[in-house]
Amino acid sequence: MAKFNPGFSRRGLLKASAVAGVGLAAPTIFSSKSYAYMNEPKGGTVTLGFNVPQSGPYADEGADELRAYELAVEHLNGGGDGGMMNTFSSKALKGNGILGKKVEYVTGDTQTKSDAARASAKSMIEKDGAIMITGGSSSGVAVAVQGLCQEAGVIFMAGLTHSNDTTGKDKKANGFRHFFNSYMSGAALAPVLGKAYGTDRKAYHLTADYNWGYTTEEAVRSSTEAMGWETVGAVKTPLAQTDFSSYITPVLQSDADVLVLNHYGGNMVNSLTNAVQFGLRDRVANGKNFEIVVPLYSRLMAKGAGANVKGIFGSTNWHWSLTDEGSKAFVKSFGTKYGFPPSQAAHTCYVQALLYADAVERAGSFNPCAVVEALEGFEFDGMGNGPTLYRADDHQCFKDVLVVKGKENPTSEFDLLEIVEVTPVAQVTYAPDHPQVAGGSLGKCNPGS
Amino acid sequence: MGILEVKGVNKRFGGLKALDEVNLNVEAGAVHAIIGPNGAGKSTFLNCLVGRLEPDTGTVDFDGSSLLNLEPHEINQLGVSRVFQTPEIFGDLDLLENVMIPTLARRDGPIKLDAWSRVDHLVEVRERAEEQLQDVGLFEKRDMTASSLSRGDKRRLELAMCLVQDPKLLLLDEPTAGMSRADTNNTIDLLKKIGERGITKIVIEHDMHVVFSLANKISVMAQGTVIAEGKPEDIKGDPRVQEAYLGGAHL
Amino acid sequence: MLGLNSKDKTLFLIVLALTMFAPFLLNPFPEGSELAQFNAGYPDLMQRFVIFGIFAIGFNILFGLTGYLSFGHAAFLGVGSYAGVWMLKLLTMNVVPAIIVSVIFAGLFSAVVGYISLRRSGIYFSILTLAFAQMSFALAYSVLTPITNGETGLQLALNDPRILDFDAADGSLPATNFFGIEMRDGFELALGPWLFTFNFGYYLCAVVMLIAFYISIRIFRSPFGLMLRALKTNQQRMRFTGKNPKPHTLAAFIISGMYAGLAGGLMVAMDPLAGAERMQWTASGEVVLMTILGGAGTLIGPVLGAGVIKYFENIFSKINDNVLYNWFSFLPDGMQDAFVFMIHPFIGKGWHLTLGIMFMLVVIFLPGGVVEGGQRLKRLFRRRGGSDSAGGASSAKVHPAE
Amino acid sequence: MDAIILQILNGLDKGSAYALIALGLTLIFGTLGVVNFAHGALFMLGAFCAVTLNKIFTISYETIDPVRKDFLGNPLKVETPYIFDWFGPDVGTAMIEWSVPLAILFSIPIMILIGLSMERGLIKYFYKRPHADQILVTFGLAIVLQEIIKYFYGANPIPTPAPPALTGSADFGVLLGFDAGSIIYPYWRLVYFVFAAAIIGGVFAFLRYTTFGMVVRAGMADRETVGLLGINIDKRFTIMFALAACVAGLAGVMYTPINSPNYHMGMDFLVLSFVVVVVGGMGSLEGAVAAGFLLGVLESFASMGEIVSLLPGINQIIIYLVAIIILLTRPRGLMGRKGVMEE
């Protein structure tokens, strides 16, 4: 466990004045208008807010995100082996904090609830003087916190959020997403599925009954239908569902030969387990082997489904078995510190922290509007996903997407997925006004006060 | 023409005929006792009067209006109050509050929701309640929690709660059940004192001492029907009554 | 004053002082000190304290007075929130219409739910209210997404009509305001190393809570309140006393539903987002726990209970190992690790564990909740004071069981 | 038709879990008069007995394989469970594969112990306390129990598959005269149903045909009178609590292959099982079982595509909707007794 110096700055200015002002009884009144921008750091430190799920079903994913953030802070402050800072194409970061200020952080629990996540983010902004909020493991939370950061005037670097809406109809000027999205999953998966299972397939969708589920179903449907698949059924399943048997059995009655599970987390583990229980893997329909597809894979969740993931296709943002220099550097420093390989959630969070720090260095200011400007249209490489663009129109990263498959013979409990194809970025890029992401507008960057 | 007229009331519970053509006429100002062996239907009959049960057939008229299909609180508002076999009081509240509630109920009617005035500003109501507590001899205990009272005091409290409403008809279901002889005598005295106010009363009672000290008319029930009715002296000598109720023993 | 008796007046003045000076009271530790972690005097949490205080005060009018245990009150808070956000979207960023409409909608919804649920009592009533709330939650999360925006929560958007506002469309959302005073605005006061934040939004909430608290005192002391307590202890007697319990319980249910709506309206006035999780059974359970924890049926208890739970949720969950290491940095390395290892399970992601343990401890040792704890302390001090004056020697013999 | 048969099977299967949990809850309500919000946590603890046994079987020693590499490029550490050495790899593998059924034996003493210590250490002090206090203390306990599990096992679901011999699925289609493959049902779910039926039957037989059971049933009906007869009812009630804990635990053990267990699975079932108990009627064991199966079957039907397209969202709310309708038409649920938990 890394140790840092004591002291949580509320606001740089106030900390400085507190240090200077000990013994001075004269009260000083600040109005919120007296800052150049929200939480401007004026002391020798800068505070980042890591808002991750620590309780509830995604707590383990949140814990992995937090590990990545701690690693990133260590690297930014010049500790450790530097990780991906060494492979990152931008060389603005020098390992002396951000703009010479030592990086400190505060953590909070999103509970994977929009309300709690916002409360936690607010406390980091109001109490701890966080200049940037990052993290999260669901799209609902990401959109809610992103909205808050826009209103409060701080930068939001989204964690794991896969819904199109985060950088679609709910995009905000102060918010940025490195993670890929539903559209990209669909676009990357369809050709691989076509190659593996043929273009004459009948698909049945089970979709989690909330926002992310809808966009994922839409993305996968439209890209698979475009190559000739037919969608014979699409049923929404309640979020709280734990036993999916009554949704799986109708699949047996349908003439479908592919089941697409638009589920994530616990839902995915349970629906996949149930689907395999009902013998769908051994089934032959329309003269073909019945197949199951999980559009968004997560290694942590795949572990929960055990042997059931074997041979099942899905997509993922990043995987530790990638062999580019950036990934290798990251896996090495994460693995050395914690003893196991990082998850895709850890990866995206680590990258987001570095990207933010880099943008501040390049802009020469913590001012959110300067950071937004530095990130918009930023092209970089060496972060594990190949050449990447932070598109200015919607603050979405465009990079290669991995199509993966559950491994038949895993060598360890981490070795569950194998990369089938690295889908090139061109294939998953879409126009900013594509119907699946249309609506909403970035608005104007808000520096607070 | 009595204040309470019950005609042809029947009540069945499944196959059991609990009340069989019960007729009863209670004169205004009378103290009317209903006696009978266990299972004779006395309590069922009382429950039919206060709206706890609905008779299957028959009429129950009180002071010129029918009590059928009325809710208990509506019957109470017509002027019928009831003392239960086991005292029904507001156990968590203090004695004064216990008596103020029926006072307020009589003053405000069944559903006035007064959320703005203050209970401790209702001087008239409180004085009325205190007076009534004095009448039953519980004034000194007015700040005690009702559930901490002895059984006899609980009965007095319940009586006070009924009397404070100035009922036209007071129903007493075994007012001395489970009491010591001294308590019983005290209760008899108390009931006699109330008698001076001229409230019509129906008393269900097992204790013949109580019945004959209080009642000026007696109805005898057996097997769900009234088998005899008359003045105490007449009832005492009625052989049918002795047969049905006392198993032949002489009173 | 205000038509309160002296005891209630004292209580009200205490609450008044507590809420008005909360920015000072909740920030007792100097900025930058290790203990500043425990400061709770920042706007969001202060707002939450009073808003959940209102919710719990209202819930207590139903549960504390009538004994009807509703497991669905979060639904009214949720309905109030949604109604409030819609007002902010459609009408104006002034919070007054939003709050009023929240209360009205929550009142109407609670009238419907109450009318049906109050046909049963005891646990049957509890399950009916739970069922209504869970249905509201499930539908708001999924099928009603066009109205509620489902999982994400209902948010403001740049292109909302806001027909009463003439804001310059400069690409940023206007802030919620009270006739021009922005809720997020405020000022800060630095006194030496101490820093205090005064937030307008908080003071609006605080004033509303004081009004709500005042109304609750009046209800407790009114004939209506007396009738509610009466029907809690004996409905049978109440009926045979000429009072109809139904309208009383229904009125109490609607009033507490409106309080929940008021809390929901204030929540969106402070932070214009309404999430469906607000209606989940765990949220309903939370207000039940707040009320019992503080002391059901007491005036101030629910407010205290709300404060305790929100404090745990927002302060304990933010203490991470890094903070612990800082606290124990004066110790030698081995002991530092040992201390951190021992405390680690109870803080940060373990804050639920601490909360659970606290529930158990309070209910085992303080059956009347936090209020009873306070009363015991008071008695203890009074006794100690008394015996001191009687003679120092004997005071040591005072047995706690006395 | 085959669709309906399948949904009935699904419903019975879901109903089995509901009924088992509700049965224990009702026993505790009925005998002890305690609202036990920690009952879901007992179900969860049962499931984690299975996980724990699996973990015990797979306690391993490490050997270094110089040829293969781990993810950091270091030599791979190969883990071999000790039981492989003790019993040979074949028996060892079989033990690990059969760890869920074996966990039944493992969990019974543990759940009884947990039940006894819970009742003696905590619950017995709450018999006379208001229901609100009982809710608060048992809810607090439930949080503590699940946080302890989370601390040791993490928040992610942990796969605990059924033995390979029972993982396949049976094809009833041909048997019943339908097309092959139209009615397929997993063996383990059938096992679960049979197991649940056996437990429910066992509990009922125990209560009906043993003196102990008769005393407890009498105590449920009228505690005071039984106490007056000089029978120490409290001791029997303690045993009943342990029994209820055991039933919940066994329900949890057997449930693990159906859905991978996680630390909050108890809370997921808690609310539903309360609804089941109340719909069944307070104080009625038969009612709890009947309501469990009824709600399970209705939930399955409501999730059929035809019905959802007719009434969108019905699958989300069916259980609560049915609960409301039943409670409004039958004041005390399906088979509730008068005066139990009504004030």
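Every number in this text was worked out from the coordinates using simple rules, so none of it is lab data. Just so it is clear, the model here is predicted, and its values are computed rather than measured. Cβ: placed from backbone, ideal geometry, glycine included. Neighbour counts: every protein chain shown.
Taking the average, over residues, of other Cβ atoms within 10 Å as the packing measure, peptides D:50-59, C:256-265 rank C:256-265, D:50-59 from highest down.
In vacuum, with every alpha carbon of the protein assembly as shown counted as one equal point scatterer, what does the Debye formula give for log10 I(q)/I(0) at q = 0.05, 0.06 Å⁻¹? Two decimals, please. Log10 I(q)/I(0), no solvent term: -0.45, -0.63. Highest average first, the peptides C:369-377, A:355-363, D:240-248 ordered by how many other beta carbon atoms sit within 10 Å of their residues are D:240-248, A:355-363, C:369-377. The calculated 222 nm mean residue ellipticity attributable to helices in chain D amounts to -23000 deg cm²/dmol, summing -39500 (n - 2.57) over DSSP H runs of n ≥ 4 and dividing by all residues.
Remark: spin-label model distance residue A:94-residue C:361 equals 4.9 nm, labels positioned 7 Å along the Cα→Cβ axis. Spin-label model, residue D:234 to residue D:218: label points 7 Å out along the Cα-to-beta-carbon direction sit 2.0 nm apart. Taking 4.7 Å between beta carbons as the limit, the unpaired Cys residues of the protein assembly as shown are A:149, A:349, A:397, B:48, B:162, C:205, D:49, D:246. The calculated FRET efficiency for residue A:195 paired with residue C:24, based on their beta-carbon distance and R0 = 56 Å, is about 0.25. Using the Cα coordinates of region D:212-298, the gyration tensor eigenvalues translate into equivalent-ellipsoid semi-axes of 30, 17, 10 Å, sorted from longest to shortest.
For chain C, DSSP calls about 90 percent of its internal beta bridges antiparallel.
For chain D, the longest principal axis of the Cα atoms and the long axis of helix D:131-153 meet at an angle of about 0 degrees.
Descending by average beta-carbon neighbour count within 10 Å, the peptides A:272-282, C:15-25 line up as A:272-282, C:15-25, the highest first.
Antiparallel beta bridges, as assigned by DSSP with both residues in the protein assembly as shown, represent about 55 percent of the total such bridges. Would you please classify the overall shape of region A:183-316 from the alpha carbon gyration tensor, given that a ≥ b ≥ c denote the square roots of the eigenvalues, rounded means a/c under 1.5, and beyond that prolate means a/b larger than b/c while oblate covers the rest? The shape class here is rounded. Please give the net charge around residue D:20, taking every other residue with its beta carbon less than 12 angstrom from that of residue D:20, where Lys and Arg add +1 and Asp and Glu add -1. That sum, taken over residues with Cβ under 12 Å, equals 0.
Legend: residue pairs A:101/A:122; A:122/C:89; A:236/A:405; B:42/C:246; A:127/C:310; A:42/A:127, Cα-Cα distance threshold 19 Å; pairs beyond threshold, A:101/A:122; A:122/C:89; A:236/A:405; B:42/C:246. Computed over neighbours whose Cβ is under 14 Å from that of residue B:187, the net charge equals -1, Lys and Arg +1, Asp and Glu -1. Tilt of helix A:12-21 relative to the longest C-alpha principal axis of chain A, in degrees (0 to 90, nearest 10)? Between helix and principal axis, roughly 30 degrees.
Per the Debye formula on identical point scatterers at the alpha carbon atoms of region B:86-127, with no solvent, log10 I(q)/I(0) at q = 0.30 Å⁻¹ is -1.22. Among the residues of A:46-55, the average count of other protein chain beta-carbon atoms within 10 Å of the residue beta-carbon is 3.
The three principal axes of the C-alpha atoms in chain B carry coordinate ranges of 57, 40, 33 Å, sorted with the longest axis first. Shown for chain C are the DSSP H helices of 27 Å or more along their axis, judged by Cα atoms, with a mean Kyte-Doolittle hydropathy of at least 0.5: C:43-66, C:95-117, C:122-141, C:200-221, C:245-270.
The shape of chain D can be summarised by an equivalent ellipsoid whose semi-axes, obtained from the alpha carbon gyration tensor, come to 37, 28, 19 Å from longest to shortest. In chain A, helices alone account for a calculated mean residue ellipticity at 222 nm of -11500 deg cm²/dmol, with every DSSP H run of four or more residues adding -39,500 (n - 2.57). The Rg/Rh ratio of chain A, with both radii computed over alpha carbons and Rh defined as the Kirkwood radius, is 1.00.
Against chain A, whose longest principal axis is taken from its Cα atoms, helix A:344-363 shows a tilt of about 40°. Rounded, prolate or oblate: which one fits chain C, using the alpha carbon gyration tensor with axes a ≥ b ≥ c (rounded when a/c is under 1.5, else prolate when a/b beats b/c, else oblate)? It is oblate, given that a/c is not under 1.5 and a/b is not larger than b/c.
Per residue of D:317-327, other chain Cβ atoms within 10 Å of the residue Cβ number 5 on average. Only helices enter the 222 nm calculation for chain C: every DSSP H run of n ≥ 4 contributes -39,500 (n - 2.57), and dividing by all residues gives -21000 deg cm²/dmol, rounded to 500. Quick check: from the Cα gyration tensor, does region D:1-78 come out rounded (a/c under 1.5), prolate or oblate? Verdict is oblate for region D:1-78.
Other residues within the sphere of radius under 12 Å centred on the Cβ of residue B:26, judged by their own Cβ, net out at -2 (K and R +1, D and E -1). Extending 7 Å from Cα along the Cβ direction at residue B:123 and again at residue D:286 yields two label points whose distance is 6.4 nm. Among the chymotrypsin sites (Phe, Trp or Tyr not before Pro) in region D:243-282, none sits in a DSSP loop with a Cβ that has at most 12 other Cβ atoms within 10 Å.
Here the translational diffusion coefficient of region B:72-181 follows from Stokes-Einstein with Rh set to the Kirkwood radius across Cα pairs; for 4 °C and 1.567 mPa s it amounts to 91 µm²/s.
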